[in-house]
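**Q** This structure is in structure tokens; I'll ask about it shortly.
Derivation of every value follows stated rules applied to the coordinates shown; laboratory data play no part. Because the structure is predicted, anything quoted here is derived from the model rather than measured. Quick reminder, even Gly has a Cβ in these numbers, built from the backbone with ideal geometry, and neighbours come from all protein chains shown.
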Amino acid sequence: MGINFDGVAAILLTPFDESGDIEVVSLHQLVRWYQSNDVAAIVTPAVASEVDKLSIAEREWAVAETVSAADGKVPVVGGVLGDNGTEAARLAESVMKAGCAAVMCRAPGHILDDAEKLLAYFATIASVGMERLIIQDLSFRGGGLDLALILKLYNNLPAFRDIKVEVEMTNYKATQLLEATGGQLHVWSGWALLQMLEALDRGVRTFCPSAFHKPFVQISRAYFAGDRPKAMEMFDAILPYLAWSRQNSDINLQLLKRFCVQQGVINSSKMREPVHHFDRYHEAYASELIQRMLAWQNDQEYPSAS
């Protein structure tokens, strides 16, 4: 299947200036910093990119700027979301034209309960002829796309060989998909970071953090090299970060943007409204946690939990 996405496919944060405009210098710095963390790919725009707060023009511009900054050194996956298949297909053509190595798409909420419309939506996107189509199976409060529907798409769309699973019981669904496809469907996940060792044991191959990459790169490398105890030791060390950051998506993104500011990678931690802002307790604990994250990130070898 060409590009090897095993390890970390980083979701690009969208850096804004204080007026709320996308800040291109910081975007380019982020891309180069992600490269320095040895990520397997960069994905943009997606949920952690605040995609729902970006106009379609901004999404296309951000993809083109990301590809330009990556300069062929790391593959870029273009995120696509359209109100209908025709719009999504046009966006898929746009990100491919910009130079993306693959297209990631999710279905709009208004067709999630209609199997025929879902089949038509993804088939229309695939018809533009990308080599690699990654379907995002996202459901904040449910089980996501029906297993039979996913298998029908898998059997009918040659480009669809990757799925990003983020649903209730993500790891369980990953196993169902891998068993149903004989291990041929490549499973990605961001939510599986919370149970990363279990996810690796089940066969999840690609993990999607947004800005704190190095620990997850090292964990996956240790695991793939056959050193599961070392991978577990490193995973145990970052559990404080995982536990606190996953209380809410906005809290996590504010933490990560502050972390990137401290790293000197972006100029502002600004997010677009609406946002669940930090209160004084979030501010205090996040300041402590960021110092630990900086120490972990900048160590040559990731520290143990002891």
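**Q** With each label point set 7 Å from Cα along the Cα-Cβ vector, what nm distance links Gln184 and Glu131?
**A** 2.0 nm
**Q** Going by C-beta contacts inside 10 Å, put His276, His282, His110, His186 in order with the fewest on the left.
**A** His110, His276, His282, His186
**Q** How far is it, in nm, from the label point at Leu149 to the one at Ser55 when both lie 7 Å from their Cα along the line to the Cβ?
**A** Label-label distance for Leu149 and Ser55, simple model: 3.1 nm.
**Q** Connecting C-alpha atoms closer than 10 Å in a GNM of the chain, tell me which of Gln254, Gln35, Gln176 has the biggest fluctuation.
**A** Most flexible of the set in this elastic network: Gln176.
**Q** Rank Pro274, Pro229, Pro240 by mean-square fluctuation in a GNM of the chain with C-alpha springs under 10 angstrom and give only the top-ranked residue.
**A** Ranking Pro274, Pro229, Pro240 by mean-square fluctuation puts Pro274 first.
**Q** Moving on to the next point. Given the options Gly203, Gly109, Gly78, which has the most mean-square fluctuation in a GNM of the chain, springs set between C-alpha atoms less than 10 angstrom apart?
**A** In the Gaussian network model the winner is Gly109.
**Q** What FRET efficiency, computed as 1/(1 + (r/R0)^6) with R0 = 30 Å and r the Cβ-Cβ distance, is obtained for Asn156 and Glu93, rounded to the nearest 0.05?
**A** Efficiency computed from Cβ-Cβ geometry: 0.90.
**Q** For Cα pairs less than 8 Å apart in space and 6+ apart in sequence, what is the mean separation divided by the residue count of the chain, i.e. the relative contact order in percent?
**A** Averaging sequence separation for qualifying contacts and normalising by length gives 18 percent for the chain.
**Q** Could you give the nm distance between label points at Asp83 and Tyr285, where each point is 7 Å from its Cα heading toward the beta carbon?
**A** 4.0 nm
**Q** Give me the dipole magnitude in Debye, nearest 20, for the range 141-241 about the Cα centre, with unit charges on the beta carbon: positive for Lys and Arg, negative for Asp and Glu.
**A** Rounded to the nearest 20 debye, it is 240 debye.
**Q** Please give the length that would be gained between Gln262 and Ser19 if that part of the chain were fully extended, namely 0.36 nm times their separation in residues minus their C-alpha to C-alpha distance (nm, one decimal).
**A** 85.5 nm is the gain from fully extending Gln262 to Ser19.
**Q** In nm, what is the difference between 0.36 nm times the number of residues separating Ser139 and Leu294 and their Cα-Cα distance?
**A** Residue separation times 0.36 nm, minus the Cα-Cα distance, leaves 52.6 nm.
**Q** List the pair-distance distribution P(r) of the chain, using every Cα-Cα distance, as the percent of pairs falling in each 10 Å bin from 0 up to the bin containing the longest distance, rounded to whole percents.
**A** 6, 28, 37, 23, 5, 0
**Q** If you split all Cα-Cα distances of the range 123-279 into 10 Å bins from zero, what percentages do you get per bin, shortest first?
**A** 10, 33, 32, 21, 4
**Q** Still on this model: Where the centre of each part is set by its Cα atoms, how far does the range 201-217 sit from the range 1-53, in angstrom?
**A** Spelled out, the Cα-based centre of one part sits 14 Å from the other.
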